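**Q** This structure is in structure tokens; I'll ask about it shortly.
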Amino acid sequence: MKDRSIEAARERWRELAAEIRRHDRLYYEEAHPVITDGEYDALLRELAELEAAFPALRAPDSPTRRVGERRDERFPPFRHDTPMLSLGNTYSRDELADFFARAARGLAIEDPDALGWSVEPKVDGVALSLHYAAGRLAAAATRGDGVQGDDVTANARGFANLPERLARPLDLVVRGEAYLDRARFEDLNAERAVAGEEPYANPRNLAAGSLKLLDAGEAARRGLSFVAHAVLGDALSPSHAGALDALADLGLPVVPDRRLCRGPAAVLARVEQLETRRDAFPFLIDGAVIKLDDLALRERLGATAKSPRWCIAYKYAAEQAETVVEDILLNVGRTGAVTPVAVLAPVVLSGSTVSRATLHNREEIQRKDIRVGDRVLVEKGGEIIPKVVAVLADRRDGSQKPFVFPEHCPACGAPLRFSEEEVAVRCENPACPAQLRRRLGHFASRGALDIEGLGGQWIDVLIERGLVGRFADLYDLTAADLLQLERMGEKSAANLVAAIAASRRRPWRRKLFALGIRHVGAETARILAAAYPDRERLAAAGEEELQELDEVGPVVARAVTDFFASDAARRELDALAERGFFAGGDEASPEAPDWLAGRTVVVTGTLAEWSRDAVKEWLQARGARVTGSVSRRTDLVIAGENAGSKLAKARELGVEVWDESRLAAERARAEGA
Ligand code: IVH
């Protein structure tokens, strides 16, 4: 490292920082990580080492100094009086030994066995701070950047196991994790499979997403749970173990299987024992947490800017499982990239059953020499689809068959393009039904236009029946068209038509993302949409101009200009425009307060913070028409507590519904704007 020039170091620093930020975004904002925690930590560690060797590189906004996620503007902010720090991570006995040595030195203690440590499972959930006032749940907030998080109280009230009231009327701040238990996760995925929808990736991401739902009723339906692992202050007990026991006595769910261990050897033995019992917990665990038990000693050790010196996490390696590759299929993506996928004998891995693994590309199959019939080890990163980490070649019996990559698209038969410049193999037929299916799936997906009820199953049927051959065709569908389809009822048909119509009101950034331009993910779409407020302006932007945006590099700029220059895209966009897709100034969206102008709104149920008249007045001041009954012409229903038949009707008709917290968020936005 020393003989490395500062220029080379700076270059590498930039690369690493950009890479880490990208993964932060994928993990915290899109809840869609693509690398394992271990891989992420390795990047962060390399960055920290570079900064240690070249202190000049230590920028104030370096990823090494940040804790956790950005704020979510849709929720009110919540300030943590005591910051929610993150933890240092260790991966080996040696690193753990260093930690103990530092702690003993910090406390000037000679006999390491004199210190008592609590060893607990590290729950792979979403960090939450709960505030009880006089024994009542008063607030729940996410970590956010550690100092300011999101107020998700309404959703926390719907947790399956959280008491609204403690056994005694105490003021307490409790820290813990929100999680979705394995069984509930499997149930939710089974429901999705029935509806023909993609499964959720993993319980942690689903917990994070559920915590950030604006509809508290839906959040409650997901069935999140909470488990406490800390309480602030020493009012309950002078020791951690005593404090957690007291929390349990007050009626709170507390992290199970915590054990007090004296000295490093006992800690290590327990850490290893917990790893063998990973599957015994209702939540996923990704390691063990080791904390000094004596609160007064903790005080003496203190904390660094990022994490306490009295506590450390020991991370377990990603879980692996052994299974058999039963077949290798080709998957045609929405941009025509053809990816080989291994069909596996089903096996349980990190809390869910897996039966597919991505093989990435042709080279990967050759490099790892993966054959049909091979026994393999699979591992789950953050992705839905696990990967094959190794082939157990010594278990071959001669029946395994090497894979020959086909020369034609398995979906449409067009010749595949194998090129020198990229590893991906492509189907270049723009009319390929597999690509269309994926494009439509993406168009309707949650992060894009979120068209409820338009799952993969229906998309397949619509394509097969020739009802949909491009995005614009969706907007021509009538309930009568849909009713011809087998298993489509009147109510579902009406709902689907309403959901498709409502997708026109999504903000421009989501429409842009939905179009599925290569290299334009949700975040890039947001950046482009902010800089170019409508499609004409974006279409007119040149490559160089686009690159002036901070986050846009040559690859994205090229992909965007190529897209708008292509005849196929232009035809598609014009067809969408004719159907009112870009209407209303393109900024029209439920998220923009102006969206209310000219809309018909119904208010129902009891609101805690507003009188009915005050809401009406506010809505009318924004140009909305407030009426008394819900019909097909209603654009929005604001539903408070105990909303009855009007809410049910709104749901039936697929009308958008806001609960009170959403209303508050919109008001805050409107008034801040
Ligand atoms: S104690 C000062 N105990 O893991 C931090 N944290 O990666 C005290 N976590 O921020 C945290 N299980 O959100 C503690 N048994 C446990 C935990 C736990 C999960 C989370 C927590 C922490 C994060 C660090």
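The values are calculated or read from the model by the stated rules, or taken from the named source; none is laboratory data. None of these values were measured; they are calculated from a predicted model. Don't worry about glycine lacking a Cβ; one is built from the backbone with ideal geometry, like all the others, and counts go over all protein chains shown. The area values use the complete protein model at the heavy-atom level, side chains included, leaving out ligands, DNA and RNA. Shrake-Rupley method; radii C 1.70, N 1.55, O 1.52, S 1.80 Å.
**Q** Among the numbered criteria (1) within 15 Å of Ala514 (Cα to Cα); (2) open to solvent by 30 Å² or more (accessible area, probe 1.4 Å); (3) outside any loop (DSSP other than H, G, I, E, B), which single criterion is violated by Leu474?
**A** Checking Leu474 against (1) within 15 Å of Ala514 (Cα to Cα); (2) open to solvent by 30 Å² or more (accessible area, probe 1.4 Å); (3) outside any loop (DSSP other than H, G, I, E, B), the one that fails is (2).
**Q** Restricting attention to region 623-658, and to residues there that are of a type in the set (Asp, Glu) and over 14 Å from Val601 (Cβ atoms), which single residue is surrounded by the fewest Cβ atoms within 10 Å (Cβ to Cβ)? Spell out how you get there, then give the answer.
**A** Taking region 623-658 and keeping what is of a type in the set (Asp, Glu), we get 635, 641, 652, 656.
Those still in the list that are over 14 Å from Val601 (Cβ atoms) too: 641, 652.
Working: Glu641: 10, Glu652: 13.
In this case the residue turns out to be Glu641.
**Q** Another question, then. Starting from residues that are in contact with a Phe, Trp or Tyr (Cβ under 8 Å, 6 or more places away or on another chain) and not hydrophobic (A, V, I, L, M, F, W, C), keep the ones in region 426-471 and report whichever is farthest from Val332 (Cα to Cα).
**A** Initially, region 426-471 is screened for residues in contact with a Phe, Trp or Tyr (Cβ under 8 Å, 6 or more places away or on another chain), giving 439-440, 443, 447-449, 451, 471.
Restricting the remaining residues to those that are not hydrophobic (A, V, I, L, M, F, W, C) gives 439, 447.
Details: Arg439: 11, Gly447: 21 Å.
Per the criteria, the residue is Gly447.
**Q** Among the residues of region 151-171, write down those that are more than 17 Å from Leu224 (Cα to Cα) and not hydrophobic (A, V, I, L, M, F, W, C). Please lay out each step first, then the result.
**A** Within region 151-171, the first condition is being more than 17 Å from Leu224 (Cα to Cα), and the residues that meet it are 165-171.
Hits for region 151-171 are Arg165, Arg168, Pro169, Asp171.
**Q** I'd like to verify a number: residues in region 211-266 that are more than 30 Å from Val637 (Cβ to Cβ), open to solvent by 50 Å² or more (accessible area, probe 1.4 Å) and away from the ligand (no atom under 14 Å from the Cβ), how many?
**A** 7
**Q** Give me the pairs: first residue in region 633-646 and more than 22 Å from Ala154 (Cα to Cα), second residue in a strand (DSSP E or B), beta-carbon distance under 6 Å, and six or more apart or on different chains, which are they?
**A** Arg633/Thr600; Thr634/Thr600; Thr634/Val602; Asp635/Thr600
**Q** Where the second residue is of a type in the set (A, V, I, L, M) and surrounded by 13 or more Cβ atoms within 10 Å (Cβ to Cβ) and the first is without any contact (Cβ under 8 Å) to a residue 24 or more places away in the chain and more than 17 Å from Ala269 (Cα to Cα) and lies in region 92-107, which pairs have Cβ atoms under 9 Å and are six or more apart or on separate chains?
**A** Qualifying pairs under 9 Å: Ala104/Leu115.
**Q** Hey, among Leu180, Leu170, Leu211, which residue is touching a residue at least 40 places away in the same chain (Cβ under 8 Å) and over 15 Å from the mean Cα position of the chain (by Cα)? Before you say what the answer is, go through the steps one by one.
**A** Details: Leu180 fails: over 15 Å from the mean Cα position of the chain (by Cα); Leu211 fails: over 15 Å from the mean Cα position of the chain (by Cα).
The conditions single out Leu170.
**Q** If you go through region 611-628 one residue at a time, how many are at pLDDT 80 or above and not in a helix (DSSP H, G or I)?
**A** The total comes to 6.
**Q** Where residues in region 49-64 are surrounded by fewer than 17 Cβ atoms within 10 Å (Cβ to Cβ) and of a type in the set (A, V, I, L, M, F, W, C), which of them is nearest to Arg21 (Cα to Cα)?
**A** The residue in question is Ala59.
**Q** Right, another one. I'd like to verify a number: residues in region 477-495 that are basic (Lys, Arg) and within 15 Å of Ile463 (Cα to Cα), how many?
**A** Step one: list which residues in region 477-495 are basic (Lys, Arg), which gives 487, 491.
Subset that is within 15 Å of Ile463 (Cα to Cα): none.
The qualifying residues number 0.
**Q** Restricting attention to region 195-209, which residues are closer than 26 Å to Leu440 by Cβ and either in a helix (DSSP H, G or I) or open to solvent by 50 Å² or more (accessible area, probe 1.4 Å) (or both)? Working first, answer last.
**A** Within region 195-209, the first condition is being closer than 26 Å to Leu440 by Cβ, and the residues that meet it are 195-202, 205-206, 209.
If the condition is that a residue be closer than 26 Å to Leu440 by Cβ and either in a helix (DSSP H, G or I) or open to solvent by 50 Å² or more (accessible area, probe 1.4 Å) (or both), then Glu197, Glu198, Pro199, Asn205, Leu206, Gly209 are the ones that fit.
**Q** OK, next. Within region 516-550, track down each residue that is exposed (fewer than 14 other Cβ atoms within 10 Å of the Cβ) and within 27 Å of Glu421 (Cα to Cα).
**A** Gly542, Glu544, Glu548, Asp550
**Q** While we're on this one: Quick one: is Asp61 away from the ligand (no atom under 16 Å from the Cβ) and outside any loop (DSSP other than H, G, I, E, B)?
**A** Values: away from the ligand (no atom under 16 Å from the Cβ): yes; outside any loop (DSSP other than H, G, I, E, B): no.
Against the criterion (away from the ligand (no atom under 16 Å from the Cβ) and outside any loop (DSSP other than H, G, I, E, B)), Asp61 does not qualify.
**Q** Among the numbered conditions (1) open to solvent by less than 50 Å² (accessible area, probe 1.4 Å); (2) within 30 Å of Gly654 (Cα to Cα), tell me where Leu392 comes up short.
**A** Going through the list (1) open to solvent by less than 50 Å² (accessible area, probe 1.4 Å); (2) within 30 Å of Gly654 (Cα to Cα), Leu392 breaks only (2).
**Q** Also, quick follow-up: What is the number of the single condition among (1) in a loop (DSSP other than H, G, I, E, B); (2) within 16 Å of the ligand (Cβ to nearest atom) that Thr335 does not meet?
**A** All conditions pass for Thr335, except number (2).
**Q** What are the residues in region 596-606 that are open to solvent by less than 20 Å² (accessible area, probe 1.4 Å) and at pLDDT 85 or above, if any?
**A** Our first condition is that a residue be open to solvent by less than 20 Å² (accessible area, probe 1.4 Å); within region 596-606, this holds for 596, 600-605.
Within region 596-606, Thr600, Val601, Val602, Val603, Thr604, Gly605 meet the criteria.
**Q** Could I ask something else about it? Looking at Phe418, Phe471, which one is aromatic (Phe, Trp, Tyr) and within 14 Å of Phe581 (Cβ to Cβ)?
**A** Details: Phe418 fails: within 14 Å of Phe581 (Cβ to Cβ).
On inspection, the qualifying residue turns out to be Phe471.
**Q** Report yes if Asp81 is open to solvent by 30 Å² or more (accessible area, probe 1.4 Å), under 22 Å from the mean Cα position of the chain (by Cα) and within 16 Å of the ligand (Cβ to nearest atom), otherwise no.
**A** Numbers: open to solvent by 30 Å² or more (accessible area, probe 1.4 Å): yes; under 22 Å from the mean Cα position of the chain (by Cα): no; within 16 Å of the ligand (Cβ to nearest atom): yes.
For Asp81, the condition - open to solvent by 30 Å² or more (accessible area, probe 1.4 Å), under 22 Å from the mean Cα position of the chain (by Cα) and within 16 Å of the ligand (Cβ to nearest atom) - is not met.
**Q** Oh, and also: Would you check if there is a residue in region 118-130 being at negative phi, away from the ligand (no atom under 13 Å from the Cβ) and either open to solvent by less than 10 Å² (accessible area, probe 1.4 Å) or not basic (Lys, Arg) (or both)?
**A** No - not one qualifying residue is present in region 118-130.
**Q** What are the residues in region 303-322 that are aliphatic (A, V, I, L, M), closer than 30 Å to Ser355 by Cα and either open to solvent by 50 Å² or more (accessible area, probe 1.4 Å) or within 15 Å of the ligand (Cβ to nearest atom) (or both), if any? Talk me through it step by step, then tell me what you get.
**A** We begin by selecting, within region 303-322, every residue aliphatic (A, V, I, L, M); these are 303, 305, 312-313, 317-318, 321.
Imposing the further condition that a residue be closer than 30 Å to Ser355 by Cα reduces the set to 317-318, 321.
Matches in region 303-322: Ala317 only.
**Q** Got a number for residues in region 485-507 being open to solvent by 10 Å² or more (accessible area, probe 1.4 Å) and hydrophobic (A, V, I, L, M, F, W, C)?
**A** Here is the first cut: in region 485-507, the ones open to solvent by 10 Å² or more (accessible area, probe 1.4 Å) are 486-492, 494-495, 497-499, 501-502, 504-507.
Remaining after also requiring hydrophobic (A, V, I, L, M, F, W, C): 488, 494, 497-499, 501-502.
Looking only at that region, the number is 7.
**Q** What number of residues in region 161-200 are more than 16 Å from the ligand (Cβ to nearest atom) and over 17 Å from Pro282 (Cα atoms)?
**A** Of the residues in region 161-200, 20 are more than 16 Å from the ligand (Cβ to nearest atom) and over 17 Å from Pro282 (Cα atoms).
**Q** Since Phe99 meets every condition but one in (1) at pLDDT below 80; (2) not in a loop (DSSP other than H, G, I, E, B), which condition does it not meet?
**A** (1)
**Q** Working only within region 395-431, note down all residues that are of a type in the set (A, V, I, L, M) and open to solvent by less than 70 Å² (accessible area, probe 1.4 Å).
**A** So the first thing to find is which residues in region 395-431 are of a type in the set (A, V, I, L, M), and the list is 404, 411, 414, 416, 423-425, 431.
Those that are of a type in the set (A, V, I, L, M) and open to solvent by less than 70 Å² (accessible area, probe 1.4 Å): Ala411, Ala414, Leu416, Ala424, Val425.
**Q** Pick from Asp98, Asp72, Asp111: which is acidic (Asp, Glu), away from the ligand (no atom under 14 Å from the Cβ) and over 17 Å from Gly263 (Cβ atoms)?
**A** Details: Asp98 fails: over 17 Å from Gly263 (Cβ atoms); Asp111 fails: over 17 Å from Gly263 (Cβ atoms).
That would be Asp72, the only listed residue that is acidic (Asp, Glu), away from the ligand (no atom under 14 Å from the Cβ) and over 17 Å from Gly263 (Cβ atoms).
**Q** Taking only region 393-448 into account, find how many residues are among the aromatic types (Phe, Trp, Tyr) and assigned to a helix (DSSP H, G or I). Quick ask: steps written out before the conclusion?
**A** Taking region 393-448 first, the residues among the aromatic types (Phe, Trp, Tyr) are 403, 405, 418, 443.
With assigned to a helix (DSSP H, G or I) added as a condition, the list becomes 443.
Summing the residues that are among the aromatic types (Phe, Trp, Tyr) and assigned to a helix (DSSP H, G or I) in region 393-448 gives 1.
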